[in-house]
Each structure stands twice: as C-alpha cells, then as structure tokens.
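Inspection log for the structure reproduced underneath, given as structure tokens.
The values are calculated or read from the model by the stated rules, or taken from the named source; none is laboratory data. On a predicted model such as this, the values are computed, not experimentally measured, just so you know. So basically every Cβ, Gly included, is an ideal-geometry build from the backbone, and we count neighbours across all protein chains shown. Keep in mind that these areas ignore ligands, DNA and RNA; they rest on the heavy atoms of the full protein, side chains included. Shrake-Rupley method; radii C 1.70, N 1.55, O 1.52, S 1.80 Å.
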Amino acid sequence: MNLTTLLTETVRIFIILLPAYVANPLAVLFGGGTPVDFKRYWKDGRRILGDGKTWRGLFGGTLSGGVVGIVVVFLLDGRTSFFTVREIYGGWDYFIFISFWLAFGGLMGDMLGSFIKRRLGLKRGEKAPGLDQWDFIIGAFLLLLFIPSFIIRNFLSITSAVALLILLLLTPSIHRAVNIVGYRLGLKKEPW
Ligand code: CTP
Ligand code: MG
C-alpha cells in the first residue's frame, strides 16, 4: 500500500460520500418552516428534535445533495481512471439512487444527532463535540447497510478501510471549514 494509492482511495471515498457531506450545508440553505417533530415533545419534557430540523431542510438537502453528487460524479466518469460509475455503483440506476440515499442518510444522521443532543438537555445550536462532526457520516453508513452489495464493492479492502479512517479523521476539519464559510456568509447562526 503506497501513499499515492492511499490518497487516491481517500479521495475516491470522499467523492462517493459527497452527497452526505453536502446535504447538511445545503439543508441550511433550504431549511425553515415546519419542524420535522411538528414541535412535539419527548417524555423527558424536551423537544424530540427541535426547530433546527425542518421538512424543507430534509427534502431540500436530500434532493440538492443528491444532485450535487450526481453532477460531480457525472463530470468525473470516464475522465479519471479511478472513478467510473460502472465500477463504483454497478450501473447508472444504482448511481442515481445511491446518491440521493446518501444525502438522505447524512440528514438522518444529523437528525439522530439532534435527537441525542435534546436527550442530553442541549438546546438547538448548542455544541456537541463529536456528534456535530460525525453524525451525518454515521447516518450515511447506517443507510448503506441496506445496500450490502455497494459496501462489498467499495469498502472491503485494507486500503479502503485505512482511507476511510483517514477521511473520518479529516472530517471534523472539513465540517468546520464548511461551517465557517456558512457562518461568514450569514447562512448559519453558529460557526460549528
Ligand atoms: N436545517 C433544517 N433542516 C434540517 C437540517 C438543518 O432546516 N434537516 C437548518 C436549520 O435552519 C438549522 C441549520 O440548518 O438551524 C443548521 O443545522 P444544524 O447545525 O444541524 O442544526 P442546529 O440549529 O445547530 O440544531 P441542533 O442543535 O439540533 O443540531
Ligand atoms: Mg448545529
């Protein structure tokens, strides 16, 4: 396993997971309106998810996250040796579906993160180190468990495992950088 192979593999996995990475920041753009929990409360007297998780964010983030992933992969397909739709997804139908599925998974993970935050008594927007940075990746992989063939095809080598680990270690920085940009642009209330 040499360094070039490892870096190429890290980039490959990042591109595969791109819909999950972009779905959250895009949900910030589309978000607002009716919250997913319809303002209901859990038995601990706190909100189930809170006002930061909205239907518009969920739908807008899933659709636009999927589209962003599709466009990027479409542009790479055939132009790079390491990234082709046929090898990675097995076909264009799978590719389209999995792109939206990953964006949806990212947002499901984000909602799971908010659910846990509310149970811990943290208010909307309060920091939860670890959860805020990795919840979307966890969500994406939980949903990928429903498509085992895709996992087998893409993540079952030592190189892939190490590359995934590298990506996970870089993810808090990626997450932070994106959120600082969102904060500076006035799209996000907190820079985390
Ligand atoms: N957002 C949304 N719907 C979603 C996810 C995000 O509308 N499904 C929007 C909300 O406006 C939210 C913003 O994106 O405030 C930032 O997202 P995030 O940081 O995940 O939510 P927080 O407001 O920080 O709430 P929480 O404490 O529950 O994470
Ligand atoms: Mg937040």
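Checked against the criteria, Lys123 counts as over 15 Å from the mean Cα position of the chain (by Cα), closer than 30 Å to Asp44 by Cβ and not in a helix (DSSP H, G or I). Of all residues in segment 148-166, those satisfying the criterion of being open to solvent by less than 20 Å² (accessible area, probe 1.4 Å) and more than 18 Å from Asn2 (Cα to Cα) are Phe150, Asn154.
If the condition is being closer than 12 Å to Ile16 by Cα and of a type outside the set (Gly, Ala, Ser), then segment 97-118 contributes Ile98, Phe100, Trp101, Leu102. Do we find that Phe136 is surrounded by 14 or more Cβ atoms within 10 Å (Cβ to Cβ) and in contact (Cβ under 8 Å) with a residue 24 or more places away in the chain in this structure? Yes: the conditions hold for Phe136. Can you report the number of residues in segment 77-106 which are touching a residue at least 40 places away in the same chain (Cβ under 8 Å) and open to solvent by less than 40 Å² (accessible area, probe 1.4 Å)? Total satisfying the criteria: 10. If the condition is being within 12 Å of ligand 2 (Cβ to nearest atom) and open to solvent by 90 Å² or more (accessible area, probe 1.4 Å), then segment 177-192 contributes Tyr183, Lys189.
With respect to the conditions (1) part of a helix (DSSP H, G or I); (2) open to solvent by 40 Å² or more (accessible area, probe 1.4 Å); (3) modelled with pLDDT of 95 or more, Lys117 falls short on a single one, namely (2). Ala128 meets the conditions (1) within 10 Å of ligand 1 (Cβ to nearest atom); (2) open to solvent by 20 Å² or more (accessible area, probe 1.4 Å) in every case but one. The failed one is (2). Listed by position, the helices (runs of 4 or more DSSP H) enclosed by segment 13-113 that each have at least 1 residues that are at pLDDT 95 or above, within 30 Å of Thr159 (Cβ to Cβ) and touching a Ser or Thr at 6+ places or on another chain (Cβ under 8 Å) are 18-30, 55-76.
Annotation note: Cβ proximity below 7 Å between a residue of segment 167-181 that is free of Cβ contacts under 8 Å to residues at least 40 places away in the same chain and a residue that is open to solvent by less than 50 Å² (accessible area, probe 1.4 Å) and of a type in the set (Asp, Glu) (sequence gap 6+ or interchain) occurs for no pair.
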